[in-house]
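Read the structure below first, then the notes.
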Amino acid sequence: MLGPHLLVQPVTAIELTSTRVYLPADQPDQPATWYDLHTGTKFTSMPGARVATVDVHADHVPAFVRGGAVLPKRMRLRR
């Protein structure tokens, strides 16, 4: 976890094609919503099923933003 709202899953093997990610919740008995930082895909972790399997890409590491969090990004190209 990088702060309370950003989660990064490290990839430690070169030939890895998918990995399992634990997506925590604020309350143990409540569902939690997470979004893939790169694609915007929504993941919902339910009590008893907090682990999601995601694909690993060569150009970025799996990173997730907690639902409801605001993550400012610079979308404008620099000169």
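Projected over every direction and averaged, the convex hull enclosing the alpha-carbon atoms of the chain yields 6.4 nm². Placing a label point 7 Å from the Cα of Phe43 along the Cα-to-Cβ line, the residues of the stretch 61-79 whose backbone N sits under 18 Å from it are 61-71.
In order along the stretch 7-15, phi translates into HN-Hα couplings of 10, 10, 9, x, 10, 10, 10, 5, 8 Hz, rounded to whole numbers, per the Karplus curve 6.51 cos²θ - 1.76 cosθ + 1.60 with θ = phi - 60° and x for Gly and Pro.
Distance from the C-alpha centroid of the stretch 31-62 to that of the stretch 1-21: 10 Å, rounded to the whole angstrom. With all protein chains in place and a 1.4 Å probe, the accessible surface of the chain carries 54 percent carbon and sulfur.
The values are calculated or read from the model by the stated rules, or taken from the named source; none is laboratory data. Quantities reported herein were computed from a predicted structural model and do not represent experimental measurements. All Cβ positions, glycine included, derive from the backbone under ideal geometry; neighbour counts span all protein chains shown. SASA here: full protein model, heavy atoms, side chains in, ligands and nucleic acids out. Shrake-Rupley method; radii C 1.70, N 1.55, O 1.52, S 1.80 Å.
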